[in-house]
1. By how many degrees, 0 to 90 and rounded to 10, does the Cα axis of helix 11-25 deviate from the longest principal axis of the chain?
2. Could you bin all the Cα-Cα distances of the stretch 37-103 into 10 Å bins starting at 0 and give me the percent of pairs in each, rounded to whole numbers?
3. What stretch of the chain, leaving out the sites themselves, is the longest with no GluC sites (Glu not before Pro) in a DSSP loop having at most 13 other Cβ atoms within 10 Å?
4. Between L31 and K54, how high is the FRET efficiency from 1/(1 + (r/R0)^6) when r is the Cβ-Cβ distance and R₀ = 22 Å? Nearest 0.05.
5. Points 7 angstrom from Cα along the Cβ direction at E88 and D42: gap in nanometres?
6. Work the Kirkwood hydrodynamic radius out for the chain: mean of 1/r over every pair of different alpha-carbon atoms, inverted, in Å.
7. May I ask you to list the trypsin sites (Lys or Arg not before Pro) in the stretch 14-119 that are in a DSSP loop and have at most 12 other Cβ atoms within 10 Å of their Cβ?
8. Just to confirm the number: angle between the C-alpha axis of helix 65-79 and the first principal axis of the chain, 0 to 90 degrees, nearest 10?
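The values are calculated or read from the model by the stated rules, or taken from the named source; none is laboratory data. Because the structure is a prediction, the values reported are computed rather than measured. In this analysis, Cβ positions are derived from the backbone assuming ideal geometry, glycine residues included, and neighbour counts consider all displayed protein chains. Surface areas here come from the heavy atoms of the whole protein model, side chains and all, with no ligands, DNA or RNA. Shrake-Rupley method; radii C 1.70, N 1.55, O 1.52, S 1.80 Å.
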Amino acid sequence: MTERKPAGVSFESWVDKQIREAEQRGDFSLLPGFGKPLPGIDSPYDETWWIKAKMQREGVSMLPPALALRKEAEDTRAAVSEARSEAEVRRMLTAVNEKIEAAIRRPPPGPLLNMRPFDIDAVVDEWRAERGSA
């Protein structure tokens, strides 16, 4: 679309012509998602859809820090059952415990944290019991 609009031709008809020619060349059939339904097309309109999509792609959380830490702790606790070794379980829980302890010492803004660090030995015992390797 490097050519310039000729004089005397309305802008709308010139653009329509450019689109029609690109369609005929098959330029649009090479685009990602061609022939697939638009995601969320049946959902109600949300003015901030693009912000939410960008945040999801970037892995940014909209939760206050205390709630984000609670979610991280829940996700880690759920992921423990998928861990392959005791060392991995301990590493996962230690990382979350450090964050919890830091938040207890210096509470983040937002709702109360209301959490305690994981008892790593108890969780490891549960992990072993799940695997039948007690």
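1. It works out to around 70 degrees.
2. Whole-percent P(r) values from 0 Å outward: 17, 33, 26, 18, 6.
3. Looking at the chain, 48-134 is the longest stretch - no exposed GluC sites (Glu not before Pro) with at most 13 other Cβ atoms within 10 Å.
4. 0.65
5. It works out to 3.7 nm between the two label points.
6. Numbers: mean 1/r = 0.0489 Å⁻¹.
With all distinct Cα pairs of the chain included, I get 20.5 Å.
7. Passing sites in the stretch 14-119 are R84.
8. So the helix axis and the longest Cα principal axis differ by about 80 degrees.
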